[in-house]
Amino acid sequence: MRNSILITIAASSLAFAACGQTASTTSQALAPVETKDPNSTYKSAFPGQTRIGGVKSATNYEGKVLTEALKSPWGITSLPDGRLLITEKQGTMRIATTDGKVSEPITGMPKVNSDGQGGLLGIRVDPAFATNRMVYWVFSEPSADGNLTAVAKGKLAADEKTIEGATVIYRATPAYKGTLHYGGRILVASDGNLIISTGERSDKVTRPQAQSLNSGLGKVIRITKDGQPAPGNPFAGQAGVRPELYSYGHRNVQGLAIDPVTGDVWEGEFGPRGGDEINHIQPGKNYGWPTITYGIEYSGAKVGDAIQQKEGLEQPVYYWDPSVSPSGMTFYSSDNIPEWKNNLFVGALSGMHIARLIIKNGKVVGEERLLTDELQRFRDITQGKDGALYAVTDQGRLYRVYKK
């Protein structure tokens, strides 16, 4: 009976929130969804920065498995006709229909190093794809000096069997002989430029590069479709600073999304043990890794000086401890499920769910966990042309999440 009352309260709170009531009503509807003990005793910088109150969707929705035929899918995006273009870690792409039919592998991409966390990663199509058929993707590229996060573009052939004219347009140097923390997400912004995420390659020897303005590691990067620094970048013209950098101080950014209302960039990144972050990206800002963090080393040791706040370093809007391993993410902009509109949906790997975050005035005010019973590592999620959410998992599944 008590649970039924709480669910009713949650549904009512969401309805009030949709009518413009204060966000705090929604965020306090249920207890926080995280019930496990944190890895650290660190204190958050402000109320609601972690373990915000839970919410529960009043809408009756369903998560349907469309196919299990994918092979380690990593990125997903919509084509203009509503079908889905999906990358597979080993180095191929596939097209899936919204009823689960999957094409043969699309070939023609540059060689990837799929060891560890590498492979064919994030993907987007050109807004003018219907006429130019251009595709942009991120991958881990092998080289004589090691591996690096690279960005390429090419044209999907008319027969949809291959990518024509594949060209690498950007490399996040320096290369490193490791197979972890490539970042790997990509967006096409409304101004036509590309937003790319990179990782700092994980090892302690490379971590400081996240703070270096002369390195492509541990960054959010903004470039043109030809791979050049985008006009208006925050460090343009500064000596010794890479002009393609947009923000820095990141660990391993596997989530990028653009707020459909404001046009602002948001990102999600992995902490070590705890300290997974959601950040509202502002150009030129330093997001702190590895100087500040809400996580600890995998060994249990402290990271650096074990501080969580420092002047000049940005705080995450939200963080998780213990980790949920946030990967691909998207804002929901459809009217199909009004209570979800402008909410952020994040695929969780170790958490094995899709996180729904309600954001009001730049702060997370409610959290819900979807599809927890599926026990899947949700690698990426996107909104389809039909207003449903589509998600891929490491285990090879494609899900459609929609109103029943």
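The values are calculated or read from the model by the stated rules, or taken from the named source; none is laboratory data. Everything quoted here is computed from the prediction, not taken from an experiment. Note that we place each Cβ from the backbone using ideal geometry, even for glycine, and neighbour counts take in every protein chain shown. Just so you know, the surface numbers come from the protein's heavy atoms only, side chains and all, with ligands and any DNA or RNA stripped out. Shrake-Rupley method; radii C 1.70, N 1.55, O 1.52, S 1.80 Å.
A simple spin-label model places the labels of Asp335 and Gln395 3.7 nm from each other, with each point 7 Å out along Cα-to-Cβ. Applied to the range 130-137, the Karplus parametrisation 6.51 cos²θ - 1.76 cosθ + 1.60 on θ = phi - 60° returns per-residue 3J(HN,Hα) values of 4, 10, 10, 6, 7, 10, 10, 8 Hz, with x for Gly and Pro. Rolling a 1.4 angstrom probe over the protein heavy atoms with all chains in place gives the chain an accessible area of 40 Å² per residue. Peptides 349-360, 203-214 ranked from most to least packed by the mean count of surrounding Cβ atoms within 10 Å: 349-360, 203-214. With a 1.4 Å probe rolled over the protein heavy atoms of all chains, the accessible area of Leu180, Leu194 falls in the order Leu180, Leu194, largest first.
Note on the chain: antiparallel DSSP beta bridges, both residues inside, total approximately 95 percent of the bridges counted. Phi angles of the range 102-118 translate, via the Karplus equation with coefficients 6.51, -1.76, 1.60 and θ = phi - 60°, into HN-Hα couplings of 10, 6, 5, x, 8, 10, x, 7, x, 4, 10, 9, 8, 5, x, 9, x Hz per residue; Gly and Pro are given as x. Only helices enter this figure: runs of n ≥ 4 DSSP H residues, each worth -39500 (n - 2.57), summed and divided by the residues of the chain, yield -2000 deg cm²/dmol at 222 nm to the nearest 500. Relative contact order, whole percent, for the range 287-370 stands at 19, derived from Cα pairs under 8 Å and 6 or more residues apart.
Taking the Cβ of Leu375 as the center, what net charge do the other residues with Cβ under 13 Å away carry, scoring Lys and Arg +1 and Asp and Glu -1?
Net charge around Leu375: 0.
Distances between placed amide hydrogens fall under 5 Å for Thr162 paired with Thr107, Ala157, all partners being 5 or more residues away or on another chain.
Apolar share of the accessible surface for the range 142-185: 50 percent from carbon plus sulfur atoms, 1.4 Å probe. For the chain, the relative contact order is 16 percent, taking Cα pairs closer than 8 Å that sit 6 or more residues apart in sequence and dividing their mean separation by the residue count. For the range 79-208, averaging the sequence separation of C-alpha pairs within contact (under 8 Å, six or more residues apart) and dividing by the residue count gives a relative contact order of 19 percent.
Comparing Cα centroids, the range 280-298 and the range 307-325 end up 6 angstrom apart. Coupling constants for the range 359-375 follow from the phi torsions by the Karplus curve (6.51 cos²θ - 1.76 cosθ + 1.60, θ = phi - 60°), and in residue order they are 10, 10, 6, x, 10, 7, 10, x, 9, 9, 10, 9, 6, 5, 6, 6, 6 Hz; glycine and proline get x.
Summary of the geometry: the range 55-81 and the range 339-381, compared by the centres of their Cα atoms, lie 13 Å apart. When only alpha carbons are used to place a centre, the range 184-244 and the range 145-172 end up 18 Å from one another.
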